[in-house]
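Visitor: Shown below is the structure under consideration.
The values are calculated or read from the model by the stated rules, or taken from the named source; none is laboratory data. Just so we're clear, the structure is a prediction, and the values are computed from it rather than from any experiment. Glycine gets a Cβ as well: all are built from the backbone with ideal geometry, and neighbour counts include every protein chain shown. Note: areas computed on protein heavy atoms with side chains; ligands, DNA, RNA excluded. Shrake-Rupley method; radii C 1.70, N 1.55, O 1.52, S 1.80 Å.
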Amino acid sequence: MIAALPFQKLNLAFLFARRLFATALLASTAFLPAHIAFAQTLPAPSRAASNAAQPAFAPSSAAISNPSSGNAPVATSSGANTAGAATETKTLEVNTAAKVVLVEGNVVVIAPSTASVTAQRRKVKVGDMLIEGESIVTGRDGELHLDMEDGGYMAIRPNTRMRIVKYQAKGNDFDTGVFSLLQGSFRSVTGWIGKFNQSKYIVRTPSATIGIRGTDHEPLVIPPGATEGEPGTYDKVNAGGSVMTTAQGRAEVAPNQAGFVAQAGKAAPRTLSAVPVFFRATRNERLLEGKHDIVQQRIAERRETRRTEIKKIIDTKKAAFENRAANKAANKAAKKEERTQARAQAKAEALAAKQKAKQDAAAKKSGNASNGEKTHIGPRGR
């Protein structure tokens, strides 16, 4: 009997623990439907939501018609929205590349497309601005002249497809001009990028890369199947110089010369014995007469003006930031002073209340003592 007691106690303990576990399990299952219902209300992740991690970029004509100096505001959407949620709008700054000074015939400018936004096409007029990333397509009668932000000038010929891949003209060592030419031709009188940042002015074609040295040049691409000449990349130099480069080598092109890289095969670039006849002047060629000399005379001044503008913008933003910081610090100090005064007032009020309580207690004690004396004197009188 005595030996069986420990086993009985152990058995009772086990039964008690099992009962507690069953009670807890029943209590927890009472909340299970609510948890399931909450889980069902959670939105499942969608492909659109995952793609929304990349910011949409869709500049409109209104957003780029009147940009600030060197930058244009662009309104963008954050992507897919949940039901009842407002569309989030962000404002980005993109680099302005050029101002339209002449447009004739069929000319279309195409904004870059993204995973969530299709490319937007627009017609341009004199005074409109082009930005980094936009493509330009001219028809058989189309021609577009641009006053570039670095003080240069560009005339885009008919039947041309090109893109402003990367562009920045802020008057510093990071200024860049990268252009992609797929078909057709343009004439470019380079500005301060071509003078001070020569290695960062690049024209890319399907068969070559063209660099420059303070140049007035005309790159031209004849696509396969065309009849005006052998398919490939050509570059005619009017002033300065250019360098055509491929994996097979390079060729330097001097004024009044043209270089060539074939579209097919792996031939190295070469300088042609004569300028091909398909380099023909357009109806507005007179506007480029003497343009190289004019640009060279003005680019130093325009670069310094741009530097001053950029510095003013930076100083304004810096002053605004400092004012916000100062106001924030002042508000923080004011709130701290308010809290300090509130604590002091509360402490003074507590002290006054404590003193009053002491006074009330003393007065009450004094009153009780007086009543006691009167009560004690009464019987003596009797």
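Visitor: Among Lys125/Lys200; Lys170/Lys318; Lys99/Lys170, which pairs are too far apart, with a Cα-Cα distance over 23 Å?
Guide: As for pairs spanning more than 23 Å Cα to Cα, those are Lys125/Lys200.
Visitor: What spacing in nm lies between the two simple spin-label points modelled at Ala326 and Leu351, each 7 Å away from Cα in the Cβ direction?
Guide: 3.7
Visitor: Accessible area per residue for the stretch 144-198 in Å², computed with a 1.4 Å probe and the full protein assembly in place, what is it? Working shown, then result.
Guide: On the way: 1560 Å² over 55 residues.
On a per-residue basis, the stretch 144-198 sits at 28 Å².
Visitor: Would you work out which of His292, Gly265, Ile313 lies farthest towards the positive end of the dipole of the stretch 225-382? Charges go on Cβ: Lys and Arg +1, Asp and Glu -1.
Guide: Positive-end residue among those listed: Ile313.
Visitor: Working out 0.36 nm times the residue gap between Lys365 and Ala319, then minus their Cα-Cα distance, what length gain in nm do you get to one decimal?
Guide: Once the chain is fully extended between Lys365 and Ala319, it gains 9.8 nm.
Visitor: Next up: Work out how much length Asp141 to Asp173 would gain on full extension: take 0.36 nm times their residue separation and subtract the Cα-Cα distance, in nm to one decimal. Walk me through the numbers on the way to the answer.
Guide: Details: separation 32, 0.36 × 32 = 11.52 nm, distance 3.80 nm.
This chain segment gains 7.7 nm when fully extended.
Visitor: Enumerate the amide H contacts of Gly142 below 5 Å, restricted to partners 5 or more residues apart or on another chain; note that Pro and chain-start residues carry no placed amide H.
Guide: HN-HN under 5 Å from Gly142: Asn106, Asn159.
Visitor: Moving on. Once the Cβ-Cβ distance between Ala267 and Lys99 is put in as r, and R0 is 41 Å, what FRET efficiency do you end up with, to the nearest 0.05?
Guide: 0.55
Visitor: Apply 1/(1 + (r/R0)^6) to the Cβ-Cβ distance of Lys125 and Arg280, taking R0 = 30 Å, and write down the FRET efficiency to the nearest 0.05.
Guide: Step by step, r from the Cβ atoms, then E = 0.70.
Visitor: Let me ask something else about it. Can you pull out the trypsin sites (Lys or Arg not before Pro) in the stretch 103-137 whose DSSP state is coil and whose Cβ has at most 15 other Cβ atoms within 10 Å? If you can, show how the numbers build up before the last one.
Guide: Details: sites: Arg121, Arg122, Lys123, Lys125; in loops: Lys123, Lys125.
Loop-located and lightly packed - Lys123, Lys125.
Visitor: When the expected Rg is taken as 2.2 N^0.38 Å, what fraction or multiple of it is the alpha-carbon Rg of the stretch 136-277?
Guide: Relative to the 2.2 N^0.38 Å estimate, the stretch 136-277 comes out at 0.98.
Visitor: In whole Hz and in residue order, list the ³J(HN,Hα) couplings for the stretch 346-363 that follow from phi through the Karplus curve 6.51 cos²θ - 1.76 cosθ + 1.60, θ = phi - 60°; x for Gly and Pro.
Guide: These are the phi-based 3J(HN,Hα) values: 4, 5, 5, 5, 5, 5, 5, 5, 5, 5, 5, 5, 5, 4, 5, 5, 5, 5 Hz.
Visitor: Apply the a/c threshold of 1.5 to the C-alpha gyration tensor of the stretch 284-331 and tell me whether it is rounded, prolate or oblate.
Guide: Numbers: a/c = 12.24, a/b = 4.48, b/c = 2.73.
Because a/c hits 1.5 or more and a/b exceeds b/c, the stretch 284-331 counts as prolate.
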